[in-house]
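S.K.: My questions will all concern the structure given below.
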Amino acid sequence: MPTVKPAAIYADPATLIPWANNPRDNQRAIDKVAASIERFGFGAPIVARKADKEVIAGHTRLAAALQLGLDAVPVRFLDVNAHTAHMMALADNKLGEVAMWDEGLLRNVLSDLDEVAPVRDMGLGWNNEELDAMLTGAVFDVDVGGDHEDGFASGSQFGLATGVAYTLKGP
């Protein structure tokens, strides 16, 4: 019979060391991730180096856990050198940006969930205005602070999802 190893163990989050040169600014996401952890718990462990407990993936989950005052979090410790760990950290952050939403399917899933119990304020990561727009197909404004090099001018509307239009508002 093969040896079974746990995918993660529980550790004190205060003993984990965030990567000091992590170029990802997670500050704006901490409250939303904390709300998600409160609602659902940890869906994925924090990943850290075995040698020095430096965080590879999960900086936002770590900050949220510390904010919540948790005394134990799931951690997967990997036996990798610092160079590999830092490449993994960059890949973990960048690869998450590659996936796209199927907006129609997302709207259907949210609608189905909303029929059973309201999805607003449930720690899904979207604010209530975004959820309302997705569920109703409403137009809402996105304040992006002025004209942008990508060709979108302040006050212009553009569609990011079928049935949903956004208005860019400048200063």
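S.K.: Let me check I've understood the local charge: for residue 5, count other residues with C-beta under 14 angstrom from its C-beta, Lys and Arg +1, Asp and Glu -1. What total comes out? All intermediate terms of the calculation are to be shown ahead of the outcome.
M.R.: Values: positive: 50, 76; negative: 79.
So the surrounding residues net to +1.
S.K.: Based on the Cα atoms of region 1-91, what semi-axes does the equivalent ellipsoid have, where each is the square root of 5 times one gyration tensor eigenvalue, given in whole Å with the largest first?
M.R.: Values: eigenvalues 86, 64, 24 Å².
Rounded to whole Å, the semi-axes are 21, 18, 11.
S.K.: Let me ask something else. Once the other residues with Cβ under 13 Å from the Cβ of residue 42 are scored (Lys, Arg +1; Asp, Glu -1), what is the net sum?
M.R.: Values: positive: 39, 61, 76; negative: 38.
Net charge around residue 42: +2.
Read-outs throughout are calculated quantities, based only on the coordinates presented, and are distinct from any laboratory measurement. All figures in this text were calculated on a predicted structure; none of them were measured in a lab. Methodologically, a virtual Cβ is constructed for each residue, glycine included, from the backbone with ideal geometry; neighbour enumeration extends over all protein chains shown.
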